[in-house]
1. Hey, if we sort ARG148, ARG105, ARG136 by accessible area with the 1.4 Å probe, largest down, what's the order?
2. How do LEU178, LEU30 rank by accessible surface area computed with a 1.4 Å probe, from largest to smallest?
3. Show log10 I(q)/I(0) for the chain at q = 0.10, 0.15, 0.19 Å⁻¹, two decimals, from a solvent-free Debye sum over equal Cα scatterers.
4. Please work out how much accessible surface MET75 shows to a 1.4 Å probe, ignoring ligands, DNA and RNA, in Å² rounded to 10.
5. May I ask you to list, by number, the DSSP H helices of the chain whose Cα span along the axis is at least 20 Å and whose average Kyte-Doolittle hydropathy reaches -0.5 or more?
6. At 1.4 Å probe size, with no ligands or nucleic acids counted, give the accessible surface of TRP59 in Å², nearest ten.
7. Express in whole angstrom the spacing between the alpha-carbon centres of the stretch 81-121 and the stretch 1-59.
8. Given a 1.4 angstrom probe, what's the average accessible area per residue across the chain, in square angstrom?
Amino acid sequence: MAKMILKIYLVLSLLLAADIAAYVFYKISLRGYYADIILFWLWISGSIAIVIAFWKKLWAKLFLGTMISGLILSMLPMGLPFYFLVFATTPAGLWMSKDLSKDYRAQIVSYSVMVPPWLQVIQKTGPFEKEILQCRDSQLQNDQMEVRIRNSKDIIFEKETDSTITLTLFYGGPNTILTFDKATGKILDQQ
C-alpha cells in the first residue's frame, strides 16, 4: 500500500511541476481556474499521505519539517509569500471569471495584497489553456479613479479579428472599450 501511495505521489509531483513550468515559461495551464488549484491540493493531500505512510523513516520527518518551515518562513517578510500562496491556491485570488466565447475566457485576478487586480484573457484549447494577454490598471489611459479593472462589473466580448480582440469593461457608467493585439497583448485602442 505504501509503495502505491508513493507512486501516485510521484505522478502528482511530476504533474504539478510540469504545470508550474508550463505556466512560468509558456503561460499554458490546465483548463479552468480551479484545475490548477485542485492539482495543488491533491499534491498537498499526497504529501500528508506520504508523511503518514512513511512516518518511521527519517526522510518523511524531514519532509514534514521542510513543509512546515517553508510555510512559517513565507509568513516572515510581511506575509507576502504566504498571501501569494493563499491567493494562488484558493479561490481568494479570483475577483471575476467569465466565458467570453467558446474559445476565450476572461478573469480578473490578484495574487498579492500589494498589487491591484489585473485582467487576463485566456484562450481555451482542449484540456489546456493559454494566457494570451494581461492588462493592468497602469495600462489603462484614464485618470478617473472609478475606471479601474477592479471596479468593472462585467467583461463583454465585442469582436475578434485575426490579430486583435476587443473587449468592453462594463462599469455601469462610462465603460471602457479596449482593443488588444493578440500577438503582443498590448492595448492598441482605448475608448
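1. Result, largest first: ARG136, ARG148, ARG105.
2. Greatest to least solvent exposure: LEU30, LEU178.
3. Normalising to I(0) and taking log10 leaves -0.52, -0.96, -1.32.
4. Accessible surface of MET75 is approximately 90 Å².
5. Flagged H segments are 2-26, 33-53, 58-75.
6. Roll a 1.4 Å probe over it and TRP59 shows about 110 Å².
7. Centre-to-centre (Cα) distance: 22 Å.
8. Per residue, the chain has 60 Å² of solvent-accessible surface.
The values are calculated or read from the model by the stated rules, or taken from the named source; none is laboratory data. None of the values given here were measured: they were computed from a predicted structure. In this analysis, Cβ positions are derived from the backbone assuming ideal geometry, glycine residues included, and neighbour counts consider all displayed protein chains. Accessible surface is based on the protein model in full, side chains and every heavy atom, while ligands, DNA and RNA are left aside. Shrake-Rupley method; radii C 1.70, N 1.55, O 1.52, S 1.80 Å.
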